[in-house]
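Here's the structure we're looking at; comments come further down.
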Amino acid sequence: MGDFTQIRYAVTDNIATITLYRPDKMNAFTNVMMAELIAAFDQIDADDDVRAVIVTGEGERAFCAGADLTPDDGAEVFADGSEVESLSDTRVRDGGGMVTLRIFECKKPVIGAINGAAVGIGATMQLPMDFRLASKSARFGFVFARRGIVPEAASSWFLPRLVGMQQALEWCMTGRVFGADEALAGGLVRSVHDAEDLMPAAIALAREIADNTAPVSIALTRAMLWRLSASDHPMEAHKIDSRAIYRRSRSGDAQEGIASFLEKRTPSYPDGVASDMPDFYPWWEKAEYR
């Protein structure tokens, strides 16, 4: 599904799996990979057969070893060498940030299965994912200051929300590479697994969501928690969750949720995110909710 060259994309039993696929380059990031990841998430949101997403890397050495800096493959990752008159020029935009913003906008739950080295964009790419599971061999590094640049991919927004300001500052200011146990202790990953158990654990988590929850409810919940937790006042959350409860309680999904509970059976929710999101969504783009 999809004409991809640097990722692999497959859907099995309502779970989409995206595999970063440049095994000879430790799955290093390029502009081609950037475009393919964005296209894959567009495809995911348009496909109601997809209930959850797993993102991993090919092989056991690396999830993504950062931006490809080799002349043949990596020069395209950064600016094309031309000067711009304004820093608002679209050519200035960070490619990693374009990926993380697209993952942030996804309507499906996203699980990272971090199977090896995850450095630079390999680390920041994970931050808008809802869960990160790591193999024991995984290594993480926010190494930007050691390369003379700064954290990218909107990680200055995501990372402190996930791990707290002090931990985010330490990892970014030292730029050191650290292991899965430190990532777990610091709150970056949910759990650590033997290599052979990583994907089964990710699939089990995806399966629990896909088999038991309403897709529209998950899409709303994901957006509400990510967006409203950053609001200045809880009234902003109250406005949206009141609207969401009102619309959802009158949906076929709510009827099915109650019926399946009473009948002690697996639910079959009728609504899909491609066509059945409530009228106030996306509220952050509507003037009446600003």
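The values are calculated or read from the model by the stated rules, or taken from the named source; none is laboratory data. All figures in this text were calculated on a predicted structure; none of them were measured in a lab. Please note: Cβ atoms are built from the backbone with ideal geometry, for glycine as well, and neighbour counts cover all protein chains shown.
Annotations
- Residues considered: 262, 205, 228. Of these, the only one that is touching a strand residue (DSSP E or B) at 6+ places or on another chain (Cβ under 7 Å) and of a type outside the set (D, E, K, R) is 205.
- Residue count for the range 276-290, restricted to those that are touching a residue at least 24 places away in the same chain (Cβ under 8 Å) and either closer than 17 Å to residue 257 by Cα or not charged (D, E, K, R) (or both): 9
- Counted residues, the range 1-35 - those being among the hydroxyl-bearing types (Ser, Thr, Tyr) and outside any strand (DSSP E or B): 3
- Some residue of the range 173-196 being under 30 Å from residue 253 (Cα atoms) and at pLDDT 95 or above: yes
- Residue pairs whose Cβ atoms lie under 6 Å apart, separated by 6 or more positions or on different chains, with the first residue in the range 5-31 and more than 22 Å from residue 94 (Cβ to Cβ) and the second outside any strand (DSSP E or B) and at pLDDT below 95, are 9/1; 9/2; 23/59.
- Any hit, the range 178-200, residues being of a type outside the set (D, E, K, R), part of a helix (DSSP H, G or I) and under 16 Å from the mean Cα position of the chain (by Cα): no
- Within the range 26-65, being more than 16 Å from residue 7 (Cβ to Cβ) and either of a type in the set (Ser, Thr, Tyr) or at pLDDT below 95 (or both) holds for 60, 61.
- The range 66-117, subset at pLDDT below 90 and polar (S, T, N, Q), residue nearest to residue 183 (Cα to Cα): 70
- Taking the criterion of being of a type in the set (Ser, Thr, Tyr), within 26 Å of the chain's Cα centre (by Cα) and part of a helix (DSSP H, G or I), the residues of the range 217-272 that qualify are 217, 221.
- Looking at 243, 265, 248, 222, just one residue is among the basic types (Lys, Arg), at negative phi and loosely packed, with under 11 Cβ neighbours inside 10 Å, and that residue is 265.
- Among (1) in a helix (DSSP H, G or I); (2) under 23 Å from residue 102 (Cβ atoms) - the single one residue 280 does not satisfy: (1)
- Complete set of residues in the range 182-210 that are touching a Lys or Arg at 6+ places or on another chain (Cβ under 8 Å) and among the acidic types (Asp, Glu): 194
- Any hit, the range 203-215, residues being at pLDDT 95 or above, in contact with a Phe, Trp or Tyr (Cβ under 7 Å, 6 or more places away or on another chain) and not in a helix (DSSP H, G or I): yes
- For the range 162-177, the candidate set comprises residues that are more than 19 Å from residue 133 (Cβ to Cβ) and within 19 Å of the chain's Cα centre (by Cα); within that set, the residue that is surrounded by the most Cβ atoms within 10 Å (Cβ to Cβ) is 168.
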